[in-house]
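Below is one structure, written out as structure tokens; the observations come after it.
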Amino acid sequence: MSEQTTPTRSARFFLVCVLIGLVAGLLSGLFGVGGGTVIVPFLVLFLRFDQRLAAGTSLAAIVPTATVGVISYAVHGSVAWIPALLLAAGAVVGAQIGTWLLPRLSLTVLRWAFVAFLAAVIVSLFVVVPSRDAELELTWLSGAALVVLGVATGILSGLIGVGGGIVVVPALMLLFGTSDLVAKGTSLLMMIPTAVSGTIGNVRRRNVDLVAAAIIGVAACTTTALGAWAAVLLDPFLANVLFAAYLVVIAVQMGLRAWRGRARPAR
């Protein structure tokens with residue numbers, strides 16, 4: 001792979017990185033996602049980052065963002081620590097499987113399948129609204145299921161680059177009956193070891209702009225707590241509606257990628 005060119009360090013570069021971080025941090029705290037769905041397309045669109053460099057930079061910026069998010073949710077007792085580690089362990093394995101499968105499967109088919117999955121989740125969010133008092137009970141069966149969920153999440157991440165929160169948050173609510181707050185706090189904690197592992201590999205491959213990642217990450221930290229605070233104040237049903245709207249945006253993005261790639265051969 002050819003070495004990535006370093007974007008020009010202009011005033012615009014720093015300003016755009018700060019603005020991206022502020023938006024990504026707010027969404028991260030509000031929805032329990034990493035913010036990569038904002039960081040990657042914005043880096044590509046506004047700073048002309050290569051797709052791989054944008055993805056690697058986004059993953060590095062997620063580490064401090066998710067850390068602040070976890071602390072914010074932990075203050076309210078909304079983090080399931082052991083389940084998060086089980087999810088992370090599965091995700092690390094799944095990501096390796098996903099990258100191995102990547103050249104062997106049709107990305108277009110995978111993207112359409114993921115759009116269908118998101119559509120089902122969006123509908124379910126209007127039907128199932130877990131109680132704020134609902135907790136994630138850990139048993140041998142649920143523990144095994146969490147590892148399987150982590151593996152599935154990691155595979156999707158490796159195949160089509162979706163963040164773990166997009167899958168984990170609705171899965172914890174709909175399949176495990178967890179409250180939306182616990183699902184979001186647990187999702188953010190799961191992301192930290194996964195993002196650290198991925199960032200180490202990306203740094204070795206020079207797929208990270210460390211300056212951009214640092215600026216975005218620090219800026220995101222200033223709004224992540226605000227997003228988590230807003231999530232606590234929101235009515236559970238309204239929180240589901242907003243999360244569903246966010247998933248619609250992701251589904252549209254994924255659908256457009258699938259549409260553009262329909263005539264291209266599978267990589």
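The numbers here are math on the coordinates, done by the rules we state, and not lab data. Keep in mind that this is a model prediction, so the values were computed, not measured. Reconstructed Cβ throughout: ideal geometry from the backbone, glycine too, with neighbour counts over all protein chains shown.
At Val196 and Leu19, where each label point lies 7 Å from the Cα along Cα→Cβ, what is the point-to-point distance in nanometres?
My value for the distance between the label points is 3.4 nm.
Among 146-155, 164-173, 113-122, how do they line up by average Cβ neighbours within 10 Å per residue, starting with the highest?
So the peptides 146-155, 164-173, 113-122, ranked by packing, come out 164-173, 146-155, 113-122.
Got the relative contact order for region 11-260 handy, in percent, Cα pairs under 8 Å and 6 or more residues apart? Write out the running numbers ahead of the final one.
Values: 431 pairs, mean separation 102.1, N = 250.
The normalised contact order for region 11-260 reaches 41 percent.
If you average over every viewing direction, what projected area does the convex hull of the Cα atoms of region 161-227 give, in nm²?
Mean projected area for region 161-227: 5.2 nm², to one decimal.
Skipping prolines and chain starts, which residues have an amide H placed within reach, meaning under 5 Å, of the one on Gly261, given they are 5 or more residues away or on another chain?
For Gly261, whose amide H was placed from the backbone, there are no distant partners under 5 Å.
Ratio of Rg to Rh for region 71-170, alpha carbon only, Kirkwood?
Across region 71-170, the Cα-based Rg/Rh ratio is 1.01.
Compute for region 11-260: radius of gyration divided by Kirkwood radius, i.e. Rg/Rh, restricted to C-alpha atoms, rounded to two decimals.
0.94
Distance in nm between label sites at Arg104 and Ala116, each 7 Å beyond Cα in the beta-carbon direction?
Using points 7 Å along Cα→Cβ, the separation is 2.1 nm.
Can you give the Kirkwood hydrodynamic radius of region 9-118 from its Cα pairs, in Å with one decimal?
16.0 Å
What full-extension length gain, to one decimal in nm, is calculated for Leu233 and Leu175 as 0.36 nm per residue of separation minus the Cα-Cα distance?
Here the segment from Leu233 to Leu175 would lengthen by 18.5 nm.
Taking 8 Å as the Cα distance limit and 6 or more residues as the minimum spacing, I'd like the relative contact order of region 27-140 as a percentage. Numbers along the way, then the final one.
Values: 34 pairs, mean separation 21.2, N = 114.
It rounds to 19 percent for region 27-140.
Just grab the label-to-label distance for Gln253 and Ile97, each label 7 Å out from Cα along the Cβ direction, in nm (one decimal).
Once both label points are built, they end up 2.5 nm from each other.
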